[in-house]
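Enquirer: Starting off with a structure, shown below.
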Amino acid sequence: MLKVFSHYFPSHTLFQILMDAALLCLAVILAVTFQFGVGNTDWRLVVPSAMLFAVAMIILNSVLGLYRPTATGSPRDSLVRVALGVAVSIPVAYAIFLVLPWDYFASEAIQLTVLLLLGAVLAMRGALNRRQAHALFTRRALIVGGGTDALSVEHALSRPAASGMELVGFYLPNDEHPREVAPERVLGQGGRLLDVVRQHRVGQVIVAVRERRGGVLPLRELLDCKLHGVKVHDLTGFFEHVSGQVRIDSLKASWLIYGDGFRQGRARSFVKRCFDLLAAAVLLVLALPVMLLTMLAILIEDGAPVFYRQERVGQGGRVFKVIKFRSMRRDAERDGRPRWASADDDRTTRVGRLIRRLRIDELPQLFNVLAGHMSLVGPRPERPYFVDQLTRDIPFYAVRHSVKPGLTGWAQVRYQYGSSVDDAVNKLQYDLYYVKNHTLVLDTLILLETIRVVLTGEGAH
């Protein structure tokens, strides 16, 4: 995993992006060269054009999720992604050719050549993403521990292409340590940890042991591993790097206080606010026709009101009223008691189910962004009734209110629709990661992921 602007990216993913960008750029240059010859080509125009084309295609492929391993690894999922990538990329590529002001790209032969190479790159990327067990730059990992925490780490490492690590086995610090893993997976117990690491060519050690007193944890041997170039992670750091979460079951207040991140500087707030104002204004203009059609559809099906205003908790615990398109019946809470919205909620109207699936019901919240109540990206705001309950039941829940709530967020693109306290815990772990590491780069990544979620329907209910 590589840390880029406070966010962790799998090394093989960055390598894939760089390789695809280089191939696409080279495809344009070769197509022009074969058509006009080396001497008749103005490289000062062709090279920047090739780079622009490559960057546009990489951004588009990222939005479509082509650089994320499929959830199931099935051929069908890979085929769907590649087909969607080709279907969307070809019209966009033609549009780029049309806006380029140079005669080099007017030739149909050049355009056809580049599009064929683009299709080949997309097919190759889809095929390589299926080889999840043989991800590039995958490091061999060893888990120290044999309890429930070790099993949760094993589950997180079950997809090498997503984690960048390949699990080789477990090491038990002593005879009394709980053993919930298969005996054949245990590579050592109570001996020299460094010998086990060397024997199995381990590059990462994950410490999945909560109790660290009384000599349970081999601190000296872990230090020896680190001094020999082996990376050592604790549970909190491991899940942050691999899963994009800050796990509250292994979180301590001291880690929040003394660790990196959780900075809320004025410069960052100013840049984020400028970004919010500009992006919200542009999105409102682009979404205006869709919003007008949605208003008309709601009126025809269920009458007024079109909008739904509801109290939510924002930054610093301040309460504001969020604006959404009404997607439920007017008597959805006729008993006056707040209820979790759930997947396939029977209170939603037919238009409501459609606009919730496409996230159109969230568009009026752009006015909340312009008013300063919300940001474009951040933790989703919850109702005061649920915030009081979740603050009592979940440790560190109030930390998410240190930043403005968002129209979309890290939890929304990483976790399915939530309708319970357990779901709130899982989403909080993603929210804590965002609060700790939020930058303009992470905000941009979340917006791109949101487009992918809307296009594919993942997690929408």
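Enquirer: Mind giving me the nanometre distance, one decimal, between the label points for Met51 and Met295, set 7 Å out from Cα along Cα→Cβ?
Expert: Label at Met51, label at Met295, 4.5 nm between them.
Enquirer: Taking the Cα-to-Cβ direction at Phe15 and at Ala281 and moving 7 Å from each Cα, how far apart do the two end points lie in nm?
Expert: That separation, rounded to one decimal, is 4.4 nm.
Enquirer: Distance check, please: which entries in Lys404/Lys427; Lys231/Lys436; Lys226/Lys436; Lys321/Lys404; Lys324/Lys427 exceed 18 angstrom between their Cα atoms?
Expert: Working: Lys404/Lys427 16 Å; Lys231/Lys436 22 Å; Lys226/Lys436 25 Å; Lys321/Lys404 14 Å; Lys324/Lys427 21 Å.
As for pairs spanning more than 18 Å Cα to Cα, those are Lys231/Lys436; Lys226/Lys436; Lys324/Lys427.
Enquirer: Also: Take the Cβ-Cβ distance between Arg266 and Asp422 as r, set R0 to 35 Å, and report the resulting FRET efficiency rounded to the nearest 0.05. If you can, show how the numbers build up before the last one.
Expert: Numbers: r = 37 Å, r/R0 = 1.05.
In this case the efficiency is close to 0.40.
Enquirer: So for each of 368-378, 246-256 I average, over its residues, the number of other beta carbons within 10 Å; can you give me the resulting order with the highest mean first?
Expert: Working: 368-378: 22.1, 246-256: 15.6.
Top to bottom by mean Cβ count within 10 Å: 368-378, 246-256.
Enquirer: What's the extension gain from Arg185 to Leu227 if we count 0.36 nm per residue and subtract their Cα-Cα distance? Intermediate values should be presented prior to the final figure.
Expert: On the way: separation 42, 0.36 × 42 = 15.12 nm, distance 2.58 nm.
Difference between extended and current length: 12.5 nm.
Enquirer: Can you list the residues of region 267-309 with backbone N under 16 Å from a point 7 Å past the Cα of Arg329, pointing along Cα to Cβ?
Expert: It comes to 301-305, nothing else.
Enquirer: At 7 Å along the Cα-to-beta-carbon direction for both Thr33 and Arg192, put a label point, then send me their distance in nm to one decimal.
Expert: Here the answer is 5.4 nm between the modelled labels.
Enquirer: Let me ask you something else. Arrange the peptides 426-432, 353-359, 224-230, 187-193 so that the one whose residues have, on average, the most other Cβ atoms within 10 Å appears first.
Expert: Working: 426-432: 23.7, 353-359: 17.7, 224-230: 13.4, 187-193: 16.0.
In decreasing order of mean packing, 426-432, 353-359, 224-230, 187-193 become 426-432, 353-359, 187-193, 224-230.
Bear in mind that the values in this text are calculations on the coordinates, not laboratory data. Only a predicted model underlies this, so the values are computations on that prediction, with no experimental measurement involved. All Cβ positions, glycine included, derive from the backbone under ideal geometry; neighbour counts span all protein chains shown.
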